Amino acid sequence: MFMLAGLISCNIDRDRAVERDKFEFKTGDDTELFFKNVRQSDYELEENEAAGLRVFRHENIWPGDTIPVIVPAIVMNVLKDEAYILLEPSNGLEDEDPLTVVLTGSRQADTVKLELPNRENNLEFATRIYEHLQRGGTFRVGIGGSFTDLLTDSRYRESFRITMSDYYRLTRIY
């Protein structure tokens, strides 16, 4: 029974569109309870009790320092009943300003830049990547003036997708 609930919770939102008009950061008691009881077991937890923050990183998302990655983490602010996306670039990407990703698909390429990392910009940047990932697109990230492949590992792609899906459910974006 628990295995079925886990499979459903991972795949239920695979084809849902992100509703940008619902972008906000508030969580509800029901969505927090669902995350805590069903989804939290897939995440590593880092707590900062003094600030009232809990950072959740998907357990399968960091493939190591050999390839560039941008890791979305869910930050829950328990004092404000809010959640945010924190983007954590791997070694080699942390000094890129702005962080630039080229999205390539069947249509022409599009570029997304994270110039000022704040909660709104992090959410928009991660959502653009998520939406492109849902369409099966490819990614290249800027490092030192050149571009290299990003999100090529299927496990990392799925972990990114699941983290964003869990965030959208937590904040009722869909």
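The values are calculated or read from the model by the stated rules, or taken from the named source; none is laboratory data. Note that the structure is a prediction, hence the values are computed from the model and not measured. Note: ideal-geometry Cβ built from the backbone for every residue, glycine included; neighbour counts use all protein chains shown. In case anyone asks, the SASA skips ligands and DNA or RNA and just uses the protein heavy atoms, side chains included. Shrake-Rupley method; radii C 1.70, N 1.55, O 1.52, S 1.80 Å.
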Scope segment 129-144; condition open to solvent by less than 10 Å² (accessible area, probe 1.4 Å), touching a strand residue (DSSP E or B) at 6+ places or on another chain (Cβ under 7 Å) and either closer than 16 Å to Tyr168 by Cβ or acidic (Asp, Glu) (or both); matching residues: Ile129
Matching residues, segment 36-89, being open to solvent by less than 80 Å² (accessible area, probe 1.4 Å) and small (Gly, Ala, Ser): Ala51, Gly52, Gly64, Ala73, Ala83
Flag if Val55 is under 18 Å from Phe160 (Cα atoms), not acidic (Asp, Glu) and not in a helix (DSSP H, G or I): yes
Of all residues making up segment 157-170, the number that are more than 11 Å from Val18 (Cβ to Cβ), open to solvent by less than 10 Å² (accessible area, probe 1.4 Å) and out of contact with any Leu (no Cβ under 7 Å at 6 or more places or on another chain): 4
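When you look at Pro72, is it under 18 Å from the mean Cα position of the chain (by Cα) and in a loop (DSSP other than H, G, I, E, B), yes or no?
no
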Selected residue (only one of Thr163, Thr148 is among the β-branched types (Val, Ile, Thr), within 24 Å of Phe56 (Cα to Cα) and touching a strand residue (DSSP E or B) at 6+ places or on another chain (Cβ under 7 Å)): Thr163
